[in-house]
Amino acid sequence: MTRNMYIGNDVDLIIDALASPDPDDDIPVFLAGVETFQKTDFPARAGAMADEILRARPHIVGLQEVDHVLIDLRGFGIPLNIDMDFLPILLAALNARGLHYAVAAQVTNFDAAPLPGVRVTDHDVLLVDASRVKVGPKVTARTYATNRSPSGPVTLIRGFVAIDVSVAGAPRVKVANTHLESGPGADLAAIRTAQARELMRFLGKAPHAIVLGDLNEGPESQMHQVVSNAGFADVWATLRQGEPGYTCCQIADLSNPTSVLSQRIDYVFARGFLNKHQEAGRVELVGNRPSDRVPGPAYLIWPSDHAGVVASLASKGKGE
């Protein structure tokens with residue numbers, strides 16, 4: 001499974017306000033973002049994502065936007081104190097459902113303090129069902145060599161995590177999880193392509209390999225071509241030909257009653273699993289139906305602004 005957990009508000013609006021020459025918009029835009037963050041109620045959404053995992057029982061889960069949000073504005077006369085750490089909240093929700101997933105790898109992408117009293121730390125994480133999956137010998141957590149140039153109040157950094165896993169005596173598989181750079185324009189697309197190339201170099205020629213993640217570009221992109229040229233099949237496109245499979249994005253406060261997903265940017269890529277007859281696998285979306293919404297503080301909310309992708313794959317032959 002790949003799942004973007006969603007921080008819970010439109011971070012770009014806050015970054016743009018902080019970067020603008022007008023200091024008067026900083027606090028109002030930030031407080032509006034905090035209001036959205038509270039409405040999108042991560043603990044409720046974590047329960048919904050735990051239910052997705054309970055139904056699908058994936059051996060491996062790649063998570064993006066695994067954030068720790070600290071906001072303490074009491075020193076400025078604003079009665080606001082938030083400490084929301086996404087990963088332990090999700091793990092507790094899984095444990096409450098009798099599921100015992102363990103953190104196999106984690107990378108810190110960025111650790112930003114854009115305002116006094118505010119800190120956001122972002123991670124990518126790989127979880128495994130410890131009762132069914134053996135991890136090792138290699139576990140990697142790495143930031144990309146190519147990232148945005150430092151500018152403004154927040155420097156965005158991306159990375160990836162990767163593990164070797166064995167499941168029930170099957171061939172060893174390399175599994176990577178990543179969240180490539182976001183945003184429109186040729187410059188950011190070039191960064192995504194460079195990050196994808198770096199990940200492909202790292203994975204090398206491993207005969208059985210899986211890439212999970214929010215790659216922030218569609219199937220027609222150069223980034224997608226880089227991954228395909230490395231011998232990876234886009235599992236959704238292979239098994240669900242002609243179906244759009246949109247995974248992004250609901251509106252920022254998650255209040256839309258019907259799905260407005262309109263892009264496919266979340267992927268499971270696989271090498272050494274799917275054959276030319278498109279057999280030996282299945283794939284589905286989760287968190288994309290109105291019935292997947294859960295009660296929030298003010299209205300029903302989606303589990304995330306993204307849908308998740310769950311794939312079941314069988315290897316084609318002997319592994320490494």
Requested in this report: Compute the Rg/Rh shape ratio of the chain: radius of gyration over Kirkwood radius, all on alpha-carbon atoms.
Outcome: 0.96
Report summary line: Result row for the chain, helices from DSSP H with C-alpha axial extent 18 Å or more and mean Kyte hydropathy at least -1.0, is 26-39, 42-56, 186-203
Query raised in the report: By a straight-distance test (C-alpha under 12 Å), which aspartates and glutamates pair with LYS134 as possible cross-link partners, with residues fewer than eight away in the same chain excluded?
Result: ASP164
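Taking all protein chains in place and a 1.4 Å probe, what share, in percent, of the accessible surface of segment 65-118 do carbon and sulfur account for?
The value for segment 65-118 is 57 percent carbon and sulfur by accessible area.
Based on DSSP H runs of at least 4 residues, each adding -39500 (n - 2.57), what is the mean residue ellipticity at 222 nm of the chain after dividing by all its residues, to the nearest 500 deg cm²/dmol?
Here the helix-only value at 222 nm equals -7500 deg cm²/dmol.
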Query - Nearest-0.05 FRET efficiency for LYS205 and ALA102, computed from C-beta distance (R0 35 Å) - result: 0.75
**Report entry** Normalised alpha carbon radius of gyration of segment 1-154 [divisor 2.2 N^0.38 Å]
**Finding:** 1.17
Report summary line: So, with points 7 Å from each Cα along the Cβ direction, the ALA113-LEU54 label distance in nm works out to 4.0 nm
Query raised in the report: Using the reciprocal of the averaged 1/r over all distinct C-alpha pairs, how large is the Kirkwood radius of segment 44-100 in Å?
Result: 12.9 Å
Report task. On a C-alpha basis, how far is the centre of segment 15-94 from the centre of segment 166-241 in Å? Whole number, if you could? Result -> 27 Å
Report task. Express the accessible area of segment 85-180 per residue in Å², computed with a 1.4 Å probe while the remaining protein chains stay in the model. Result -> 42 Å²
Report task. Quick one: order ARG119, ARG264, ARG74 from most to least accessible surface, probe 1.4 Å. Result -> ARG74, ARG119, ARG264
Query raised in the report: Using a simple spin-label model with points 7 Å from Cα along the Cα→Cβ vector, what separation in nm is obtained for PHE76 and LEU13?
Result: 1.7 nm
Query raised in the report: When only C-alpha pairs under 8 Å and at least 6 residues apart count, what is the relative contact order of the chain, in percent?
Result: 19 percent
Report summary line: The relative contact order of segment 130-195, taking Cα pairs under 8 Å that sit 6 or more residues apart, comes to a percentage of 31 percent
Query raised in the report: Suppose R0 equals 25 Å; then what is the FRET efficiency for ASN95 and LYS134 from their Cβ-Cβ distance, rounded to the nearest 0.05?
Result: 0.75
Report task. Take the alpha carbon atoms of segment 176-217, find their radius of gyration, then divide it by 2.2 N^0.38 Å using N residues; give the quotient. Result -> 1.21
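The values are calculated or read from the model by the stated rules, or taken from the named source; none is laboratory data. In this text, all values refer to a predicted model and were calculated from it rather than measured experimentally. Here Cβ is always computed from backbone atoms with ideal geometry, including for glycine, and neighbour counts include all displayed protein chains. Side chains are part of the model used for accessible areas, which takes the heavy atoms of the whole protein and leaves out ligands, DNA and RNA. Shrake-Rupley method; radii C 1.70, N 1.55, O 1.52, S 1.80 Å.
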